[in-house]
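What follows is a single structure, written as structure tokens, with notes after it.
The values are calculated or read from the model by the stated rules, or taken from the named source; none is laboratory data. Source: prediction; values computed, not measured. Quick reminder, even Gly has a Cβ in these numbers, built from the backbone with ideal geometry, and neighbours come from all protein chains shown. SASA here: full protein model, heavy atoms, side chains in, ligands and nucleic acids out. Shrake-Rupley method; radii C 1.70, N 1.55, O 1.52, S 1.80 Å.
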Amino acid sequence: ADAPAAANADGRTAVFRFYNFATGAHFYTNSVEQRDAVIAYYPDFKYEMVAFYAYAKPAAGLSPVYRFYNTQTAAHVYTANEQERQAMQANPAAFNEEGVAWWARSDAGSETVNVHRFLNQQTGRYFYTASVQERDQVIASYDFLKYQGVAYNVWAAQ
């Protein structure tokens, strides 16, 4: 069975991951409605279940993770870095800001896991994973995916 659709008592929600066969990029959303619409209407997207958990609303110790659509790469970018956000906002021809995707921790906490970010040097698209095993497999197997470090911190469970 899939993870609970609703937020837990303190607001932590599932972030769902899809793989887009047409672009080779991943898409992430914490919206159950968006998840269900992508499953129903976008056959090029393979549903890969829950990637991690984050918060749907701000709270003490949390930072916003912004979602942008890159019109040049036809893929989304997720960032908690304010300077990167401002740089993308300054280039509206390439980046459409879609607002706060979810809330995460910018620093590691005892209950959190790192979200690792890679840049696909062939396509300009980004890949994110909260799995150390997947991070290590990507580093070992895909030279064109440049490891950029930890993007932000999330939770492995609700």
| Cβ-placed point charges (K, R +1; D, E -1), dipole of the chain about Cα centre in debye, nearest 20 | 120
| remark: Restricting to Cα pairs under 8 Å and 6 or more apart, the percent relative contact order of the chain works out to 22
| remark: With only helices counted (DSSP H, runs n ≥ 4, each -39500 (n - 2.57)), the per-residue ellipticity at 222 nm for the chain, to the nearest 500, works out to -5000 deg cm²/dmol
| task | Assign one of three labels to region 92-158, namely rounded, prolate or oblate, based on the Cα gyration tensor with a ≥ b ≥ c the square roots of its eigenvalues; rounded applies when a/c is under 1.5, prolate when it is not and a/b is larger than b/c, and oblate otherwise. | result | oblate
| said: Quick check: at a probe of 1.4 Å, how many percent of the accessible area of the chain sits on carbon and sulfur atoms? | reply: 50
| task | Rounded, prolate or oblate: pick one for region 67-118, where a ≥ b ≥ c are the square roots of the eigenvalues of its C-alpha gyration tensor, a/c under 1.5 means rounded, and failing that, prolate if a/b is larger than b/c, else oblate. | result | prolate
| query | Ignoring ligands, DNA and RNA, how do Met49, Met88 rank by accessible area with a 1.4 Å probe, largest first? | reply | Met49, Met88
| request: Amide H neighbours of Trp102 under 5 Å, at least 5 residues apart or on other chains, H built in the peptide plane: list them. | output: Val65
| Residue-wise HN-Hα coupling along region 139-149, computed from phi with Karplus coefficients 6.51, -1.76, 1.60 (Hz; x: Gly, Pro) | 4, 6, 10, 10, 4, 6, 9, 8, 6, 10, x
| Per residue solvent-accessible surface (Å²) - the chain, probe of 1.4 Å | 52
| task | Count charges around Gly149 for me, please; just the other residues with Cβ under 13 Å from its Cβ, Lys/Arg as +1, Asp/Glu as -1. | result | +2
| query | Between region 21-67 and region 90-152, how many Å separate their Cα centres? | reply | 13
| task | Figure the gain on full extension for Gln137 and Asn96 (residue separation times 0.36 nm, minus the Cα-Cα span) and round it to one decimal in nm. | result | 11.6 nm
| query | Amide H to amide H under 5 Å from Tyr152: which residues, 5+ apart in sequence or cross-chain, H placed 1.01 Å off N in plane? | reply | Val115
| field | Sequence-distant residues sharing a close amide H with Thr71 (under 5 Å, placed H) | value | Phe95, Asn96
